[in-house]
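Below is one structure, written out as structure tokens, with a few remarks after it.
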Amino acid sequence: MSLPTTDLPSLETVFAPVRSQTAFEETLERLGTAIKLGLLAPGARLPAERELCTRLEISRSTLRQALTALAQSGHLHAVRGRGGGTFVAERQPPADPPTRELLANWHEACDVRLAIEVGIAALAAARARQEELEPLDELVAAMDDMAEDFAGYRQADVRFHIGLAEATHSTKLVAAATEAQGAMTDLISYIPHPPEILEHANAQHARLLSCIRERDADAAMRIMVEHLRGTEHVLAGLLPRDPRAT
């Protein structure tokens, strides 16, 4: 089942101004994370360089350096001539083996996500408009048919969680949720994904939406904690062990 056609999540966070002193590195990270999470889908055409420079508030030389690096890594490719431009590669490069640092610090990534997303659940219950929840219903319905298709499920899952952040009407929380999802994608790419786990997680998505509709922030936070702790337990059991660790 294909994902519902929706503007959720928006690309405003992806193309927000880059304000870091390390503009090249931040641009590279911003675009790379958007590709990894599926916010920039395979085959998608990036905006023209002039528009990207304006929206990101970076120089053309900085943008071209970042685009060149992403092309060299296999994430983007350029097409010349009429109808050309810069496109997201249809096939992304395989993930490198997990680093020792990633295996040692995965608990911290889970802690950061917990702190961000429990707050998002509470604020969404207080602020979300009903029409903002309808695209999330569509994503839950789509994930019901994706237990055997983890790539599709994960893309919908990311859109669901960032969609909850958008329902808080806080651009900073959307950015924080996007960063947290990027860190989690790095982790869960190294574990198997039994259909039973995905089905259980999506049932929690549905319960969470129900609580948010009912403006029950306490219940929404409880379910979010349960949902995220479940992911943490799966990681604890299935992440590969660092053979160099003592």
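The values are calculated or read from the model by the stated rules, or taken from the named source; none is laboratory data. Here the structure is a predicted model, which is why all the values come from computation and not from measurement. Neighbour counts are summed over all protein chains in view; Cβ atoms, including those assigned to glycine, are modelled from backbone coordinates with ideal geometry. Ligands, DNA and RNA are stripped out before the accessible areas are found, and what is left, the full protein with its side chains, is counted by its heavy atoms. Shrake-Rupley method; radii C 1.70, N 1.55, O 1.52, S 1.80 Å.
Tabulated data for the structure shown
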{"read-out": "Dimensions in Å of segment 146-197 - Rg and Dmax from alpha carbons", "value": "12.2, 34"}
{"read-out": "Residues in segment 147-173 reached by a label modelled at R127 [backbone nitrogen below 15 Å; 7 Å Cα→Cβ]", "value": "162-173"}
{"read-out": "Using distinct alpha-carbon pairs, which all enter the 1/r mean, Kirkwood radius of segment 162-246 in Å", "value": "14.6"}
{"read-out": "Value of [θ]222 nm, deg cm²/dmol, for the chain, DSSP H segments ≥ 4, -39500 (n - 2.57) each, nearest 500", "value": "-21000 deg cm²/dmol"}
{"read-out": "Projected-area average for segment 64-151 over all orientations - Cα convex hull basis, square nanometres", "value": "10.4"}
{"read-out": "Peptides ranked, highest mean first, by Cβ atoms within 10 Å: ranges 106-116, 158-168", "value": "158-168, 106-116"}
{"read-out": "Highest to lowest packing among 50-59, 217-226, 79-88, scored as the average C-beta count within 10 Å", "value": "217-226, 50-59, 79-88"}
{"read-out": "Potential lengthening between S59 and R100 on full extension [0.36 nm per residue; Cα-Cα distance subtracted]", "value": "11.2 nm"}
{"read-out": "Which of T68, T185 is most accessible, then next, and so on - probe 1.4 Å", "value": "T68, T185"}
{"read-out": "Förster radius 41 Å - calculated FRET efficiency between E214 and E148 (Cβ-Cβ, nearest 0.05)", "value": "0.80"}
{"read-out": "Anisotropy class of segment 127-173 from Cα gyration tensor, a/c 1.5 cut", "value": "oblate"}
{"read-out": "Option label - percent of Cα pairs over 29 Å apart computed here, alternatives [x] 38; [y] 32; [z] 26", "value": "[y]"}
{"read-out": "Charge dipole magnitude, Cβ of K and R +1, D and E -1 - segment 106-191, Cα centre, debye nearest 20", "value": "400"}
{"read-out": "Order of exposure, largest accessible area first, which applies to L103, L133 with probe 1.4 Å", "value": "L103, L133"}
{"read-out": "Added length on full extension, which subtracts the Cα-Cα distance from 0.36 nm per residue, T68 to R80", "value": "2.9 nm"}
{"read-out": "Most positive-pole-ward Cα, A48, V14, A220, against dipole of the chain from beta carbon charges", "value": "A48"}
{"read-out": "The chain: DSSP helices with Cα axial extent of at least 30 Å and average Kyte-Doolittle hydropathy no lower than -1.0", "value": "100-127, 217-238"}
{"read-out": "Net charge dipole size for the chain [Lys, Arg +1 and Asp, Glu -1 on Cβ; Debye, nearest 20]", "value": "940"}
{"read-out": "Assigned charges on the beta-carbon of Lys, Arg, Asp, Glu; segment 13-104 dipole about Cα centre (debye)", "value": "360"}
{"read-out": "Potential lengthening between H169 and E12 on full extension [0.36 nm per residue; Cα-Cα distance subtracted]", "value": "55.3 nm"}
